[in-house]
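The values are calculated or read from the model by the stated rules, or taken from the named source; none is laboratory data. Quantities reported herein were computed from a predicted structural model and do not represent experimental measurements. We place every Cβ from the backbone using ideal geometry, glycine too, and count neighbours over all the protein chains shown. Side chains are part of the model used for accessible areas, which takes the heavy atoms of the whole protein and leaves out ligands, DNA and RNA. Shrake-Rupley method; radii C 1.70, N 1.55, O 1.52, S 1.80 Å.
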Amino acid sequence: MRYWLMKSEPEEVSIDDALAAPDSTVAWTGVRNYQARNFMRDAMHVGDGVLFYHSGCAVPGIVGLAEVASTAYPDPTQFDPASHYHDPKATPETPRWQMVDIRALRKTRVLPLAELRADPELAGLMILQRGSRLSITPVEAADWRHILRLLDRPATAADTRSKP
DNA sequence: GCCAACGTTGGC
DNA sequence: GCCAACGTTGGC
């Protein structure tokens, strides 16, 4: 059992989109980075935990929980000349790009990138490393547990005080 | 829109 | 194999 953080632009596929899909499952299409591909192909297993992250939006951060729902298989968009993700060097006989299915489990509160960055316990989180822009990164078990605790906690002390 | 950082490409 | 040029990511 491993843990992952997977970025998606909400305008492409948001946590709401994923939850609204059949079986809350979406094909994680469009990965065009070898390192990210290799994570999916070589290290992911069905049932692995996924932190669903929104990037390229007003408040980037973790917005939900998901799980890996399939092993890796060829991303069909690489063969489609009409697709934004078309890769002219890929053929069905020699595919380059793989993807997995991701099943959304639930929304969480938004846990902003800024809050992750401010937490000394998460200093080793791959997404926080300088210049890191990988869309799929492994998450250490200790970091996973820590983040789950943060997600179940109100964002600020002020929120706690304002509770009736 | 800007820009830092990184990945990929292709000439040599 | 080197490296300059270019493209992309993604926060701000």
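Data overview
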| item | result |
| --- | --- |
| Euclidean distance of C-alpha centroids, region A:84-118 and region A:1-22, integer Å | 8 |
| By accessible area with a 1.4 Å probe, ligands and nucleic acids excluded, highest first: order of A:ARG149, A:ARG37 | A:ARG149, A:ARG37 |
| Mean Cα-pair separation over length for region A:1-93, i.e. relative contact order, pairs under 8 Å, 6 or more apart, % | 29 |
| Rounded to 5, the percent of DSSP beta bridges in chain A classed as antiparallel | 80 |
| Contour excess over end-to-end distance, with Cα ends at A:TYR73 and A:ARG149 and 0.36 nm allotted per residue | 24.1 nm |
| Angle in degrees between helix A:141-151 and the longest Cα principal axis of chain A, rounded to the nearest 10 | 60 |
| Normalised contact order of chain A, rounded percent, pairs of Cα under 8 Å and 6 or more residues apart | 28 |
| Distance in nm between pseudo-label sites at A:VAL59 and A:ARG133 (7 Å out along the Cβ direction from Cα) | 2.5 |
| Two-site label geometry, A:ASP23 and A:HIS86: point separation in nm, points 7 Å out along Cα→Cβ | 3.0 |
| Estimated distance in nm for a label pair at A:ALA142 and A:ASP42, the labels positioned 7 Å out from Cα along Cα-to-Cβ | 2.5 |
| Surface per residue (accessible, 1.4 Å probe) for chain A, Å² | 55 |
| Protein accessible area in region A:38-121, 1.4 Å probe - carbon and sulfur % | 57 |
| Helix-only CD estimate at 222 nm, as mean residue ellipticity for chain A, using -39500 (n - 2.57) per DSSP H run (n ≥ 4) | -5000 deg cm²/dmol |
